[in-house]
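Engineer: First the structure, then my questions, so here it is.
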Amino acid sequence: MSNTDNMQSNTNVLVNETQIYPGFYTTNIKKLANVDYLRFQGAFDTVITDLKNDYNKDKFVRDNSFNQSWDHIQGEARELIIKLLEMYCAAEYSGFILYKELSYQLRETNSTLSDGFRLMSRDEARHASFLNKALTDFHLTPSLEFLKKEGRKYHSLPFAWFIHSTYLSEKISSCYYINIFDHLVSHPEYSIYPLFGLYKSWSEDEDRHGDFVGTIIKSQTNLSNGLKARLVCKFYLVLIFSMTYLKYKDNEKLFALIGLDSREYYITTIKSVNKSVEKHLPVILDIENSMFFKKLDACMLHISENKKIGISNHYKLLKFIKKTPHYVALFLIMLSLFLIKSIDTQANRIA
């Protein structure tokens, strides 16, 4: 059967609707509008020019490698790929809506930031559209009811939380994609679906998004200079890197499917991100400290114990009592992670 015949037979199969759940976020728009970019006008011009150049404009095109039926992927492998596509789709729509709304809200008060967010929303929309089509390869299409503003539940984040989490999310995604891409270039036998071939372009888009948000951080004295800025930055790095690492158990089967050890992959990704953010943040973490990931592994044990307690048949009060020592242990471990000396990127010294 020709590729064309394969594609035709695949698209004729009934497509079912699947639910995806993007998150909806906002922050203090006045603080964002008051971002003074003039001292860093050159840096903003550079990152926005990079976004405008749209280097990957023609990369997200379904080539002949997609033109076949994917029904030969069955069982757990199929479920894992669908889960991956749904997760990506939700994230890209979340980013698209967030950046589009920020661009609109800033259009009259901060045209530079408005322009940057507009270009980022363009990329996110392109990614989401591509993922929509990928889901149809598995006879699914996402419900797009969430595109209607009515009924959305927004999470309003404090400005510092919002800007650091957005920045790190983009940089983590960039390293996430490029590490998988590089692995599959070396081990093509694990590239079971052609979406992975786009990960290099995807990584580049996310990296440029991170550079734009990172320039916002670097341009603001209260976020980039002084003891408070270093402590706040360190707090978010510890928190978000920990949250990222603690996902590895949930994704072990998915990464095994493409020939990766989940724990080692997350360690590599976090180390890559830590190096990448050095140019924008006042401090980075001492990830090479032998205790860093050992402490996170200890967190995993306490979380696992609390999950077991949660599904037990004990009364709620007894469950709470049994969980409390693990919560205390988790707090103390996170505190000890925060107390590990960080690396001052501005002075190139341990601080």
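The values are calculated or read from the model by the stated rules, or taken from the named source; none is laboratory data. Because the structure is a prediction, the values reported are computed rather than measured. Glycine also receives a Cβ, built like all others from the backbone with ideal geometry; neighbour counts cover every protein chain displayed.
Engineer: Return a yes/no flag: does region 295-304 have any residue that is small (Gly, Ala, Ser), in a helix (DSSP H, G or I) and surrounded by 13 or more Cβ atoms within 10 Å (Cβ to Cβ). Don't jump to the end; show me each part of the working.
Structural biologist: Going through region 295-304, the residues small (Gly, Ala, Ser) turn out to be 298, 304.
If we keep only those that are in a helix (DSSP H, G or I) too, we end up with 298, 304.
So of that shortlist, the ones also surrounded by 13 or more Cβ atoms within 10 Å (Cβ to Cβ) come out as 298.
Yes - at least one qualifying residue is present in region 295-304.
Residues checked against (1) in contact with a helix residue (DSSP H, G or I) (Cβ under 9 Å, 6 or more places away or on another chain); (2) closer than 21 Å to Tyr245 by Cα; (3) at pLDDT 95 or above; (4) among the hydrophobic types (A, V, I, L, M, F, W, C):
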| site | (1), (2), (3), (4) |
| --- | --- |
| Leu113 | yes, no, yes, yes |
| Arg126 | yes, no, yes, no |
| Lys171 | yes, yes, yes, no |
| Ser174 | yes, yes, yes, no |
| Asp182 | yes, yes, yes, no |
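Engineer: Can you give me the number of residues within region 129-169 that are in a strand (DSSP E or B) and closer than 28 Å to Leu198 by Cα? Even if it seems obvious, please write down each step before you answer.
Structural biologist: First pass over region 129-169, keeping only residues in a strand (DSSP E or B): 140-142, 154-156.
Now restrict to residues that are closer than 28 Å to Leu198 by Cα: 140-142.
Matching residues across region 129-169 total 3.
Engineer: Which one is surrounded by the most Cβ atoms within 10 Å (Cβ to Cβ), of the residues in region 99-127 that are among the hydrophobic types (A, V, I, L, M, F, W, C) and touching a Ser or Thr at 6+ places or on another chain (Cβ under 6 Å)? Quick ask: steps written out before the conclusion?
Structural biologist: Keep residues of region 99-127 that are among the hydrophobic types (A, V, I, L, M, F, W, C), which gives 102, 106, 113, 117, 119-120, 125.
Then drop every residue that is not touching a Ser or Thr at 6+ places or on another chain (Cβ under 6 Å), which leaves 106, 117.
Working: Leu106: 21, Phe117: 26.
Here the residue is Phe117.
Engineer: May I pose another question? If you scan region 47-79, which residues turn out to be in a helix (DSSP H, G or I), surrounded by 14 or more Cβ atoms within 10 Å (Cβ to Cβ) and more than 23 Å from the chain's Cα centre (by Cα)?
Structural biologist: We begin by selecting, within region 47-79, every residue in a helix (DSSP H, G or I); these are 47-53, 64-66, 75-79.
From what's left, surrounded by 14 or more Cβ atoms within 10 Å (Cβ to Cβ): 47-48, 50-51, 66, 77-79.
Scanning region 47-79 gives a single hit, Phe66.
Engineer: Also, I was wondering about something else. Among the residues of region 80-122, which ones are in a helix (DSSP H, G or I) and among the polar types (S, T, N, Q)?
Structural biologist: Step one: of region 80-122, the residues in a helix (DSSP H, G or I) are 80-106, 111-122.
Ser94, Ser103, Gln105, Ser111, Thr112, Ser114, Ser121, listed by residue number.
Engineer: A follow-up question, please. Name the pairs: first residue in region 299-310 and more than 18 Å from Leu239 (Cβ to Cβ), second residue of a type in the set (D, E, K, R) and in a helix (DSSP H, G or I), Cβ to Cβ under 7 Å, at least 6 apart or on different chains?
Structural biologist: Asn306/Lys323; Ile309/Lys319; Ile309/Lys322; Ile309/Lys323; Gly310/Lys319
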